[in-house]
Each structure stands twice: as C-alpha cells, then as structure tokens.
1. Across the stretch 11-45, what is the number of residues that are farther than 18 Å from VAL167 by Cα, of a type in the set (Lys, Arg) and out of contact with any strand residue (DSSP E or B) (no Cβ under 7 Å at 6 or more places or on another chain)?
2. Which one is farthest from ARG148 (Cα to Cα) among residues in the stretch 178-195 that are touching a residue at least 60 places away in the same chain (Cβ under 8 Å) and not hydroxyl-bearing (Ser, Thr, Tyr)?
3. Just checking, how many residues over the stretch 130-177 are in contact with a Lys or Arg (Cβ under 7 Å, 6 or more places away or on another chain) and assigned to a loop (DSSP other than H, G, I, E, B)?
4. Considering the stretch 234-275 alone, what residues qualify as being assigned to a helix (DSSP H, G or I) and either touching a Pro at 6+ places or on another chain (Cβ under 6 Å) or without any contact (Cβ under 8 Å) to a residue 12 or more places away in the chain (or both)?
5. Take the conditions under 29 Å from GLU216 (Cβ atoms) and surrounded by fewer than 20 Cβ atoms within 10 Å (Cβ to Cβ) and apply them to GLY176. Does it pass?
6. Given the structure, is LEU190 at pLDDT below 95, crowded, with 18+ Cβ neighbours inside 10 Å and under 24 Å from ASN97 (Cα atoms)?
7. So, in the stretch 238-269, exactly how many residues are in contact with a helix residue (DSSP H, G or I) (Cβ under 7 Å, 6 or more places away or on another chain), farther than 17 Å from VAL167 by Cα and either surrounded by 20 or more Cβ atoms within 10 Å (Cβ to Cβ) or among the β-branched types (Val, Ile, Thr) (or both)?
8. In this structure, does THR7 turn out to be under 17 Å from VAL81 (Cβ atoms) and either among the aliphatic types (A, V, I, L, M) or surrounded by fewer than 19 Cβ atoms within 10 Å (Cβ to Cβ) (or both)?
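The values are calculated or read from the model by the stated rules, or taken from the named source; none is laboratory data. This is a predicted model, so every value here is computed, not measured. Quick reminder, even Gly has a Cβ in these numbers, built from the backbone with ideal geometry, and neighbours come from all protein chains shown.
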Amino acid sequence: MGKILVTGATGNVGRHVVSQLAEAGLEVRALVRDPGRARLPVEMARGDLNVPETLHPALEDVESVFLLWPGFTTDNAAEVVAAIAKHARRVVYLSANVAQLADEPATHYQEIERLIRHSGLGWTFLRPGGFAANTLGWAGQIRQGVVRWPYGQAARSLIHEKDIAAVAVHVLTSAGHNGATYVLTGPERLTQAEQVRVIGEVVGREVRWEEQPPEEARDQLMAAWGDADFVDAALKTWESFVTTPEPVTDTVERLLGRPALTFRQWAEDHAADLS
C-alpha cells in the first residue's frame with residue numbers, strides 16, 4: 001500500500017486518523033502548517049490548503065489523501081483538488097450530511113464533492129452528522145453547573161471523532177469503497193438536555209439545562225462566528241431537530257464490525273476536558 005497524506009492532521013479527527021494509520025504500520029505523511037509544533041508520530045510536511053502551491057512537495061510519492069477542508073468557502077479548492085489529482089490516485093473527503101441541515105450555507109461541501117467527482121481521482125465521501133466534540137463548547141458552563149443554550153429538546157445522534165477516523169482509516173486501507181458515500185452517526189439519539197445530564201454524570205457534577213432564547217444565543221454566536229448566514233442556519237437546524245430528530249445510521253457498525261461509540265463513551269474520553 002502506498003503512502004497516505006493526511007490533511008487536518010492536528011484536528012479532532014485528523015489526529016486520530018494519523019495515529020490509527022501509524023499504529024497499523026502504514027506509511028503516513030501529515031500535512032501541517034508548523035511541523036515544529038505539531039508533535040505527531042509520523043513524517044510531517046509543511047503545507048497549507050489555503051496556499052495550493054505548497055502541496056506539491058507534500059504530495060510526492062503519495063497514493064491516497066484524507067482531505068479535511070478548512071473553513072466554509074471554496075477559495076483555492078479547484079487548485080487543491082487539481083494538485084491532489086496530479087500526484088495521488090484516490091481521496092477520502094470528510095464532507096457533511098448536508099441533507100439534514102436546515103438551509104445551512106453548505107455549498108462548499110457540495111462544491112468540493114463536485115470538483116472531486118470530476119477530477120479523475122478515485123473517491124469516497126464521508127458525511128458525518130453532528131460531532132460529539134462540539135459539546136466541548138459547553139465546558140465552561142458545565143464547570144459552573146448550568147448549561148444555558150437554545151433548543152434543549154433537539155435530539156441528535158452525535159458521533160465520536162474516533163469513529164469518524166476509524167471509518168476513514170478503514171476506507172483508506174481496504175478495497176470496495178470507490179464511489180461510495182457514507183452517512184455516519186452515533187448509535188443513539190439524545191436531546192441536548194440529555195447530553196448535559198450524561199456529561200454531569202460522567203464528571204460527577206450535577207449540571208442542569210437552562211433554556212436560552214434563540215435571539216440571545218444568536219447574539220453570542222454572532223460575536224463568536226461573525227457570519228450571519230451561518231449562525232441563522234445553525235439555529236434553524238437545531239430547531240428542526242426538536243420536531244425531526246437527527247437520524248441514526250448503522251454505517252459505522254457495518255463498516256467496522258463493531259457498534260459505534262456512545263455519547264457516554266465520548267464524555268468519558270473527554271472527562272478531563274469537561275471537568
């Protein structure tokens with residue numbers, strides 16, 4: 001098997017992809033902006049997807065690429081995909097399950113998928129739903145014993161980042177996935193209020209949910225994200241999960257031969273980050 005280039009190698013998913021590939025004894029190269037700070041147990045190449053010309057040295061002798069796109073625009077995407085196609089044979093792209101998102105401006109996912117489909121590369125698209133890791137944003141409130149957030153009854157099937165990485169590694173290292181699109185979720189639905197309860201049980205602290213008016217949450221999210229369209233779409237999506245819960249798929253279990261990790265298992269893995 002040829003060398004695998006992992007982009008987003010220091011992020012929540014990419015770091016697990018790197019470590020799981022390395023543990024399997026495979027040739028891995030991590031694309032990072034600063035190799036001196038990355039501290040990864042594999043070969044590293046300096047590069048940045050926002051600067052496509054930096055990719056060619058990193059892609060030398062690479063057969064497959066795990067692609068995690070930074071940000072929410074498609075700036076330079078055509079150049080990046082062309083660079084990958086010039087060197088590699090296949091790409092596994094971490095996309096998103098845009099079908100479940102209520103009017104999210106998710107055209108960047110769709111546009112990158114389109115570019116890859118027409119690139120001549122072999123491809124597989126991974127489309128996870130909600131990331132369990134996003135609940136780390138509540139950590140400060142959890143330490144105070146109250147999470148104040150909108151749509152406590154929004155039911156989600158959040159997925160552990162380790163499962164996303166494990167599926168990516170499986171697809172990168174086995175045959176039969178060319179042209180496949182996999183929708184990935186956790187094994188269960190929990191409302192946001194139930195997620196907070198589980199976290200409290202895991203960290204040994206009573207944590208209660210306090211419903212926040214969406215208008216107030218919008219102000220906070222605008223200060224944090226700065227993109228009105230994205231903020232409004234996120235709030236609309238969370239609202240939609242109150243009446244139409246996020247679906248649960250068995251894709252992780254079918255591909256890996258074991259059940260997907262539960263939200264409680266995720267919380268146990270991140271107890272130190274939440275305490």
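1. So the answer is 2.
2. Once the filter is applied, the top-ranked residue is ASN178.
3. 3
4. LEU235, THR243, GLU253, ARG254, ALA272 - these are the residues of the stretch 234-275 that are assigned to a helix (DSSP H, G or I) and either touching a Pro at 6+ places or on another chain (Cβ under 6 Å) or without any contact (Cβ under 8 Å) to a residue 12 or more places away in the chain (or both).
5. no
6. So LEU190 fails the test.
7. Adding up the residues that qualify gives 3.
8. no
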